[in-house]
Amino acid sequence: MICQVCGLKNPEDSELCERCQSRLLVVSGPPVNFEEAPPPNNEISLDENLLERVSFLEEVVKRTAETLKSVLETQNRQEKNEFVIHTGFLSLKDLLEKKGTFLEDELFDLWEGRIDQHMAALEKRERFLERRERIQAGFSGERIERFRALLSEAEFSFYALDPGKAIRVLEEAWRLDRANLELAFFLAETSFNEGQTERAQGLLKQVLAGDPHHFEALVYMGVLEHDRGHTSRGIELLQTAVGVKPGEFLPYFALGAIQAAIGELTRAEANLKKALEIEPNPRAFALVGTIAFERGRLSDAIEALQEAIRLSPDDEDAIFLLGIAYLERGWTNKAAERFRAALELRPNRIDFKAGLKLLGRSGAVNWPKASGDAARWARKAEEAAASDPERSFRFFRRALDLEPDNPALLLPYALLCSSAGRTAETVSATRHILSRKPPERIASAAYALLLEALRAEGKFREGHRVAEEMLASVRTKHARAIGYCEKAAALAEMGEDLDEALASADSSLRLAPAAIRQFSLAAKGWVHYKRKEFENAVECLRGAVEAGENSPDLVHLGLAYLAVGEVGLARESFEKVRRKGGLRVEMKGGLETRVLVQLRRSLEEAGRPPGHSRPKS
């Protein structure tokens, strides 16, 4: 084999030239007489060989540079196009805002809500695509072509971002093949994530009847059995799941959460630590820290909670509990810092019952009434609001499907959304009410909820603007008291014009009826705290808490007590917040509810079967 570079004749099985080490190529064609290679004394020098190689590398670098230049030029053109589009969008927004067609914050709230909906649809689509082949392979019916057509239709609906239709199509497919365990589990998982626990449990039973060792079904069923009060059965199912896949995180985590909820703290801690050996999960660290705190091991609690916060810096409950642990150790400055950090993440979150008081619901005899089935669903929703918010949401939605514009339904629904942290929905519902120019008694309630939602989101400047808008449009003492209260709170949170904030708080107190006086006192107390008038802050906040204990007000009072050196009273205030379930005021029941909520979040946030990790964005 002749080298194309130096002309040396090499053995036929050689890949590289023995002289210049160039790769040998086979070229077909008519026979040609090649001259024998020059004698060894004429062989190519090392310098020439290196020069050849350098020239080749220069060519490669040149082509790479040209490609990189082309990519950069394309990226620059794309950035210019995005800039032009963004400028055009902002111009359109400004024009429509000037004409009073919409408000910027309302637009972005709706935009964020739509993004969340689309992301949820994309996650469902991803889960379906992961399972589609297994679902199709598990078909055991007779109408296979119809089944395949339904799977294709469901896939198209997922791509069209219409998961509701996709699920309906998959339910139709399931009716063709009731023995399809993969399809039944996918529907069960979707129902679980949407809070439809009864339907999820029925489907999971069918899955386990067909395959008693179906790992994912065992985990979900174990959690649901505990929710129904069948804790022993739930633990049994989870232990079976551990036996099926002992290297998975979730069954250990679920066991630890449930055991902590029933008071078996030693076993709970052991299972949670096993879970952490498999995966360093922030929620597992938070639960280990909570258990260690309950058992009086402050150093272990602090270490675990610090790790939870490192992995999840926005976990305000872990931050708050770490503050209490610091306070127990006597580290008051570090504790106050943690409490303030928790408040910044959740500035205000009013619970459902306190919200009804704020809205004057008890005396709102002139409110429009829901009728028929809508009224029945609304009553069920309000009864379930404190104990089972997800169930309450479903009942409210059924009522609103029947009477979508009735403020007697929209207002408590918006309040429930606010207490559960769904502030975008609160803003949307209250804006919808206000856009219909309702009577003042309805408008003032809608404004109150809108302002609470904006404060909970930390949108204090917008809250100040809406409070001014409210004060310009309402006349009753009750409504104006709320307007002044929210204006004072917004200014205090921003730390701007605290003199005006104090004047607004005083105006709110003068106008407030007894039923809502606690909110005015709380606002004035927080203004005093921001003005560093801590004695006055304690007096006002203590009066507010005596009228009705609200978690944010208790935290404010605790911070004021710390500022005046009353560490014992501060500890009492923070302990009350912890017993109420932390700053997530929709959570009741202390440790039990905390661990179960952590478990549900882990299952739902996974967005896929247990044992699969969610892709990071």
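The values are calculated or read from the model by the stated rules, or taken from the named source; none is laboratory data. Note that this is a predicted model, so its numbers are computed, not measured. Cβ: placed from backbone, ideal geometry, glycine included. Neighbour counts: every protein chain shown.
ALA318 - would you say it is of a type in the set (A, V, I, L, M, F, W, C) and either touching a residue at least 60 places away in the same chain (Cβ under 8 Å) or over 23 Å from LEU345 (Cα atoms) (or both)?
Criteria not met by ALA318.
Which residue is nearest to TYR252 (Cα to Cα), if the candidates are limited to region 277-322 and must be surrounded by fewer than 22 Cβ atoms within 10 Å (Cβ to Cβ) and among the small types (Gly, Ala, Ser)?
ALA292
Taking the stated definitions as given, is GLU225 farther than 17 Å from ALA173 by Cα and surrounded by fewer than 20 Cβ atoms within 10 Å (Cβ to Cβ)?
So GLU225 does not fit the description; no.
Looking at region 168-176, is at least one residue modelled with pLDDT under 85 and either within 26 Å of the chain's Cα centre (by Cα) or among the acidic types (Asp, Glu) (or both)?
Within region 168-176, none of the residues are modelled with pLDDT under 85 and either within 26 Å of the chain's Cα centre (by Cα) or among the acidic types (Asp, Glu) (or both).
Run VAL538 past the list (1) surrounded by fewer than 21 Cβ atoms within 10 Å (Cβ to Cβ); (2) under 21 Å from ARG578 (Cα atoms) and report the number of the one that doesn't hold.
Unmet condition: (1).
Report whether or not ALA420 is free of Cβ contacts under 8 Å to residues at least 40 places away in the same chain and either under 25 Å from ALA501 (Cα atoms) or surrounded by fewer than 24 Cβ atoms within 10 Å (Cβ to Cβ) (or both).
On the way: free of Cβ contacts under 8 Å to residues at least 40 places away in the same chain: no; either under 25 Å from ALA501 (Cα atoms) or surrounded by fewer than 24 Cβ atoms within 10 Å (Cβ to Cβ) (or both): yes.
No: the conditions fail for ALA420.
Step by step: first the residues of region 456-475, then only those that are surrounded by fewer than 24 Cβ atoms within 10 Å (Cβ to Cβ) and closer than 20 Å to LEU521 by Cβ, then the one that is modelled with the lowest pLDDT. Which residue is that?
ALA456
Working carefully through the options LEU129, LEU68, find the one that is hydrophobic (A, V, I, L, M, F, W, C), modelled with pLDDT of 80 or more and out of contact with any helix residue (DSSP H, G or I) (no Cβ under 8 Å at 6 or more places or on another chain).
Step by step, each of LEU129, LEU68 is checked, and only LEU68 is hydrophobic (A, V, I, L, M, F, W, C), modelled with pLDDT of 80 or more and out of contact with any helix residue (DSSP H, G or I) (no Cβ under 8 Å at 6 or more places or on another chain).
Of everything in region 449-471 that's in contact with a Ser or Thr (Cβ under 9 Å, 6 or more places away or on another chain) and among the small types (Gly, Ala, Ser), which residue is farthest from GLU496 (Cα to Cα)?
It comes out as ALA453.
Can you find a residue that is among the charged types (D, E, K, R) and at pLDDT below 80 anywhere in region 31-39? Talk me through it step by step, then tell me what you get.
Kept after step one, since they are among the charged types (D, E, K, R), are these residues of region 31-39: 35-36.
Next cut, at pLDDT below 80 only: 35-36.
Yes, region 31-39 has at least one match.
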